[in-house]
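The next block holds one structure in the form of structure tokens; read it before the comments.
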Amino acid sequence: MKLSFQIKLFISLVAFFSVLFALLGGYYYVDMGRQLYQEMSIRAKIQAEEIALIPTLRQDVANKNIPAIHNFMQKLAAHSDASFIVIGDNHARHLFHSVFIDRVGTELVGGDNQEVLAGKSTITIRKGGLGISLRSKAPILDDDGKVVGIVSVGYLTSYLDDVTVSKMVNILIAAVLLLIALFVFSWFFTRSIKKQIFSLEPREIGLLVRQQKAMMESIFEGVIAIDKDGRIEVINQAARKLLNLSQPARRLRGLPIGEVIAPVPFFDPAVMLANDTHDEMCHFNQSRVLASRVRIMLENALQGWVITFRDRNDIDSLSAQLSQVKRYVDNLRIMRHEQLNKMTTLSGLLHMGHYDEAIRFIQAQSEHAQELLDFLSARFSSPTICGLLLGKAARAREKGVELQLDPGCGMDKPFPTLPEAEVISIIGNLLDNAIEATQRAALPHAPVEVLIRLNERELIIEVADRGIGIVPELRDHIFERGVTTKTRGDHGIGLYLIDSYVTQAGGTIEVADNEPSGTIFSVFIPVLQPGREESCNTTLLM
């Protein structure tokens, strides 16, 4: 017969508490007996040493005045809880016994008198005339410090065991009553648990919990579930990462949402009760996110809300990458358009029979294009960078701006510190900004000067224009996301990406005014040295 969860839980609780009480009872019995023996040892020793210091007793023992010793010790023994008190002389013979008067003159029993006669107090468990006892012996000294007798104060072990058992009986009665109460509590507790888990078996509950946890942690978006009072019920790992929260999820449960996310209108109770929302731009803990909020209804009653959100920066980064691809396509379109114009001009000259002019036109265009191509091919080993600079030069010519490459340009080997795609992004964004700034300046447009040079220590990228320049109030904020001087196109993304790439690589960016107008951007990125790669990777992973 298969037992139900309620019965198995009840039996488990009862068995657990029974074993627990048995183990605790055994431990307490041993520990209490040990403590009782220690306490009685100290008590016996104190009594023995105090009796040994009584002046009249010391004198009577030295003189072996047995009647005086008997009269004095009888009164003293009547007020002591010790099982026996014995006085012996310096030859270990009885001068007084509180239980057996006829022992006077006989030898002390136990064989533990040598250390006492040597002047040392002792505590032992020995078998004496009354049986096994815990006893303490102290030497009686005369005025010259000579041992003249022995005081022995003892407690029978049978008496100590009786004290321990009597205390254990009281404890046992209380434990039995408590165990009965626990049995009753366990039965009602298991019935309550059965109702709360909807009669599900533990294995089924565990499977559901694991499935829910796996589903929550596999979601790329941040997810937070709050109850109707605004307290966190569930928060996944992506949400904690986006909100820069170091606490584990269990410590965040039950906290008001306002203590985890800085108060914003998105979490205002009146707003949440009014309607749900989707892809609303919000600021959660200084992070820009797109957030959605949906209420949870159960049996027509509001239970809370589920909030999902994702980082706006990820969307912006994708937008920036798409913009870069768009620039490449635009460059190709410009080059195609420029070549079509040239082919149209050449076709017209040929149709009109102006062959000499056509030849001179071809030679002029070839010399100009070949000169730029030869310059780039001789100084740059990367075809991608050559193609970028050719396209930017064509784009600049179409906009009425000349791209002037410094004779010192040179990048004859791959740059190990940054991926080539990021180097291209840095160069492309700087050139686009310089071309647009120059185009917005008054005519005639001065050329945009470019220096790209890789030496043994660093990569230098310098772009100088004589455009409209940067207003002073934006100078300290131009690398922040969203800050821009442009009037159209991508706003505040290009320089932000440049700064992130350069900072990640351990480089620096310098911005200076170009006299009489314009701006000079200088980028310095150190070459990654052997042995630094591991540390850099570790830093990036952290």
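Using only the Cα atoms of segment 50-141, build the gyration tensor, take square roots of its eigenvalues as a ≥ b ≥ c, and label the shape rounded, prolate or oblate: rounded if a/c is under 1.5, else prolate if a/b is larger than b/c, else oblate.
rounded
Once phi is turned into ³J(HN,Hα) by the Karplus curve 6.51 cos²θ - 1.76 cosθ + 1.60 with θ = phi - 60°, what whole-Hz value does each residue of segment 30-39 show in order, with x for glycine and proline?
Once rounded to whole Hz, the list reads 5, 5, 5, x, 5, 5, 5, 5, 5, 5.
Could you give me the ³J(HN,Hα) list for segment 301-312, computed from phi with Karplus coefficients 6.51, -1.76, 1.60 and θ = phi - 60°, whole Hz, x at Gly and Pro?
10, 6, 9, x, 9, 10, 10, 10, 8, 9, 6, 5
What percent do you get for the relative contact order of segment 230-309 when only Cα pairs under 8 Å and 6+ apart count?
It comes to 22 percent, rounded to a whole number.
What is the spin-label model distance, in nm, from L346 to T503 if the labels are put 7 Å beyond Cα along the C-beta direction?
Modelled inter-label distance: 4.9 nm.
Quick one: what are the phi-derived ³J(HN,Hα) couplings along segment 12-22, Karplus 6.51/-1.76/1.60 with θ = phi - 60°, whole Hz, x for glycine and proline?
Per residue, the Karplus-derived 3J(HN,Hα) values read 5, 5, 4, 5, 4, 5, 5, 5, 4, 5, 5 Hz.
Under 5 Å between amide hydrogens, which residues at least 5 positions from R126 or on another chain qualify, with H placed 1.01 Å from N in the peptide plane?
For R126, the qualifying residues are S133, R135.
State, to one decimal in nm, how far the label point of E50 lies from the label point of D142, with both points 7 Å from Cα in the Cβ direction.
Between E50 and D142, the simple spin-label model gives 2.7 nm.
Determine the relative contact order of segment 6-162: mean sequence separation of Cα pairs under 8 Å and six or more apart, normalised by residue count, in whole percent.
Relative contact order, segment 6-162: 25 percent.
For Q370 and L474 in one chain, what is 0.36 nm times their gap in residues minus the Cα-Cα distance, to one decimal in nm?
33.4 nm
Are any of the pairs K213/K241; K75/K127; K64/K127; K195/K228 more than 20 Å apart by Cα-Cα distance, and if so, which?
Those over the limit are K75/K127; K64/K127; K195/K228.
Mind giving me the FRET efficiency for A174 and I42? R0 is 30 Å, r the Cβ-Cβ distance, nearest 0.05 is fine.
0.60
Just going by the charge dipole of the chain, with Lys and Arg at +1 and Asp and Glu at -1 on Cβ, which of H79, M272, L242 is farthest out on the positive end?
Checked the options; the winner is H79.
With a 10 Å Cβ neighbour count serving as the proxy for reagent exposure, in which order, fewest first, do Y159, Y496, Y28 appear?
Placing the least packed residue first, the sequence is Y28, Y159, Y496.
List the residues, sorted by chain then number, that are 5 or more residues from L95 or on another chain and whose placed amide H is less than 5 Å from its amide H.
Those qualifying (amide H under 5 Å, at least 5 residues apart or on another chain) are I87, G88, D89, G105.
Let's see if you can work this out: charge +1 on each Lys and Arg Cβ, -1 on each Asp and Glu Cβ, no other charges. What is the dipole magnitude of the chain about its Cα centre, in debye to the nearest 20?
2600
Given the Cα-Cα distance of L20 and D161 and 0.36 nm per residue of separation, how much length would full extension add, in nm?
So the chain would gain 48.4 nm between L20 and D161.
What shape does segment 6-162 have by the C-alpha gyration tensor, where a ≥ b ≥ c are the square roots of the eigenvalues, rounded means a/c under 1.5, and otherwise prolate means a/b greater than b/c and oblate the rest?
In terms of gyration-tensor shape, prolate.
Sort E422, E458 so that the residue with the fewest other Cβ atoms within 10 Å of its own Cβ comes first and the one with the most comes last.
In order of increasing Cβ crowding within 10 Å: E458, E422.
How high is the relative contact order of the chain? Use alpha-carbon pairs under 8 Å, at least six apart in sequence, and give a whole percent.
8
Given the Cα-Cα distance of L443 and V264 and 0.36 nm per residue of separation, how much length would full extension add, in nm?
59.6 nm
Quick one: which residues, 5 or more positions from V527 or on another chain, have an amide H under 5 Å from its amide H? H modelled 1.01 Å from N in the peptide plane, none for Pro or chain starts.
E458, L459
Got a sec? How would D513, D311, D356 order by Cβ neighbour count within 10 Å, fewest to most?
D356, D513, D311
Dipole magnitude of segment 221-311 about its Cα centre, charges +1 at Lys/Arg Cβ and -1 at Asp/Glu Cβ only, in debye to the nearest 20?
About 380 debye.
Lys/Arg Cβ at +1, Asp/Glu Cβ at -1, dipole of the chain taken about the Cα centre: which of F361, G428, Q35 is farthest positive-ward?
Toward the positive end, the furthest listed residue is Q35.
Only the coordinates and a few stated rules stand behind these numbers; no lab work does. All values derive from a computational prediction rather than experimental measurement. As a convention, Cβ positions derive from the backbone with ideal geometry for all residues, glycine included, and neighbour counts pool all protein chains shown.
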